[in-house]
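The values are calculated or read from the model by the stated rules, or taken from the named source; none is laboratory data. Being a predicted model, the structure only gives us computed values, none of them experimental. Backbone-built Cβ (ideal geometry, glycine too); neighbour counts: all protein chains shown.
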Amino acid sequence: MAESSTRVGLLVVGDLFSPEMLRVEERVEQLARDGFDVRVVCGLAEAFPKCAADAWQPELVIVCQHWPNEYTSADVRKLLTAFPLARLVCCYGPWCASDGRTRDIWPLSVRVPAEFAVRRIDIELEVMAGTRPPLPLTASRDEIFLFDPDLAIEAPTS
């Protein structure tokens, strides 16, 4: 029992097992094999009471977003309030690609296309290990680019 309290907590919210999230699923499975305490829930409504009942706080939260408005601004505020010290990555599918321009539900600093999420998850693990400075939630587009310039280089040009 004491061992689980020293393991890094990873909360995954949403449909991790969809085709769009295949690379994210593979990385989460690897982290579980590496000893992370991984918990997967279908939605935020399930996450809050489950984590509270277990008195468990994740260090990393990965949200799988498949369509625009899948999560509300109130959901995101509640998530940020419930897990204020956790690093957050919102992996979004192709239907959400324009959300950064047309919606402001998620801070831009946490959004990443699902196909590039593995790199971002690894960067967040570096932040958690103290080997890289964190990107603030309020980061500008310029700061986001400087935090992970490879994402802009790898992004499809068409």
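A few remarks follow.
- Taking every residue in the stretch 116-138 that is surrounded by 11 or more Cβ atoms within 10 Å (Cβ to Cβ) and pairing it with any residue that is hydroxyl-bearing (Ser, Thr, Tyr), at least 6 positions away or on another chain, the pairs with Cβ-Cβ distances below 6 Å are LEU135/SER109; LEU137/SER109.
- Condition met for VAL112 (in a helix (DSSP H, G or I), surrounded by 11 or more Cβ atoms within 10 Å (Cβ to Cβ), in contact with a Lys or Arg (Cβ under 8 Å, 6 or more places away or on another chain) and at pLDDT 90 or above): no
- A count restricted to the stretch 44-96 and to residues that are among the aliphatic types (A, V, I, L, M), surrounded by 15 or more Cβ atoms within 10 Å (Cβ to Cβ) and in a loop (DSSP other than H, G, I, E, B) stands at 1.
- Residue in the stretch 31-43 that is touching a strand residue (DSSP E or B) at 6+ places or on another chain (Cβ under 8 Å), closer than 28 Å to THR138 by Cβ and either assigned to a helix (DSSP H, G or I) or touching a residue at least 60 places away in the same chain (Cβ under 8 Å) (or both) present: yes
- In the condition set (1) of a type in the set (Asp, Glu); (2) at pLDDT 90 or above; (3) out of contact with any helix residue (DSSP H, G or I) (no Cβ under 8 Å at 6 or more places or on another chain), GLU20 is compliant with all but (3).
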